[in-house]
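Only one structure is covered here, and it is reproduced in the block below.
We did not get these values from a lab; they are worked out from the coordinates using the rules stated. All values derive from a computational prediction rather than experimental measurement. No Cβ is skipped: glycine too gets one built from the backbone with ideal geometry, and neighbour counts run over all protein chains shown.
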Amino acid sequence: MSKVVNITNLPTVNFINGQKGQFRTIGKVKAGFLTVNEYPTWQNEEFSNNPSLILGQYEKGVLQTVQFKAEGSSFWLTVFARVGKKIKLVDLAMLEGLNVGTINQLWFNTELYSQKQYQIVKATSWSSKAYVMNEELELV
């Protein structure tokens, strides 16, 4: 069962689900065409541990699609896709690690950004998680 709280009704998939594997991204360059980026082994390991880090790797508006290929598989599955300001799908593992700061800096003009979402999960700063419940700190 996922820990993700999603009141924004983003379409989600659960392909990563704790698996290790390879990632590749498709981004739109300033010249207007799309380009594919595959990552080295050390970066794939980092992204496997926290897939949401990929969403903070590019300048605003560049990242279009993220694909994942699990170890032992020969198929690439789309785990994040956007068209314009619309998020077409996002993997639950990516939402679990996503911080408010990443959204506010790079994704504020998309459906990922929602003040109501932040309130529901008790986000109090940019380092708070945006789609997972944050624990309230008690002052001693």
**Request:** Considering every residue within region 65-82, establish whether at least one is at negative phi and part of a helix (DSSP H, G or I).
**Result:** no
**Message:** Looking only at region 33-51, how many residues end up being in contact with an Asp or Glu (Cβ under 7 Å, 6 or more places away or on another chain) and in a loop (DSSP other than H, G, I, E, B)?
**Reply:** 0
**Request:** Tell me which residues, restricted to region 100-122, are of a type in the set (A, V, I, L, M), in contact (Cβ under 8 Å) with a residue 60 or more places away in the chain and over 17 Å from A81 (Cβ atoms).
**Result:** I120, V121
**Message:** Out of the residues in region 102-122 meeting the condition of being part of a loop (DSSP other than H, G, I, E, B) and aromatic (F, W, Y), tell me which one is surrounded by the fewest Cβ atoms within 10 Å (Cβ to Cβ).
**Reply:** F108
**Message:** Out of E71, E59, E96, I need the residue that is within 19 Å of I26 (Cα to Cα) and charged (D, E, K, R). Which one?
**Reply:** E59
**Prompt:** If you scan region 123-139, which residues turn out to be in a loop (DSSP other than H, G, I, E, B), surrounded by 16 or more Cβ atoms within 10 Å (Cβ to Cβ) and either among the charged types (D, E, K, R) or without any contact (Cβ under 8 Å) to a residue 24 or more places away in the chain (or both)?
**Reply:** A123, N134
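Yes/no per residue for (1) of a type in the set (K, R); (2) exposed (fewer than 12 other Cβ atoms within 10 Å of the Cβ); (3) under 12 Å from the mean Cα position of the chain (by Cα):
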{"site": "T12", "(1), (2), (3)": "no, no, yes"}
{"site": "I26", "(1), (2), (3)": "no, no, no"}
{"site": "T41", "(1), (2), (3)": "no, yes, no"}
{"site": "E45", "(1), (2), (3)": "no, no, no"}
{"site": "Q57", "(1), (2), (3)": "no, no, yes"}
{"site": "L63", "(1), (2), (3)": "no, no, yes"}
{"site": "K69", "(1), (2), (3)": "yes, no, no"}
{"site": "V83", "(1), (2), (3)": "no, yes, no"}
**Message:** Please go through region 16-61 and give me each residue that is of a type in the set (K, R) and either in contact with a Leu (Cβ under 8 Å, 6 or more places away or on another chain) or under 24 Å from N104 (Cα atoms) (or both), ordered by number.
**Reply:** R24, K28, K30, K60
**Request:** With the checklist (1) touching a residue at least 40 places away in the same chain (Cβ under 8 Å); (2) touching a strand residue (DSSP E or B) at 6+ places or on another chain (Cβ under 6 Å) in hand, flag the one item G56 doesn't pass.
**Result:** (2)
**Item:** Close pairs (7 angstrom Cβ cut-off, 6 or more residues apart or separate chains): within 26 Å of E45 (Cα to Cα) in region 18-34, among the acidic types (D, E) anywhere
**Value:** Q19/E71; K20/E71; G21/E71; R24/E38
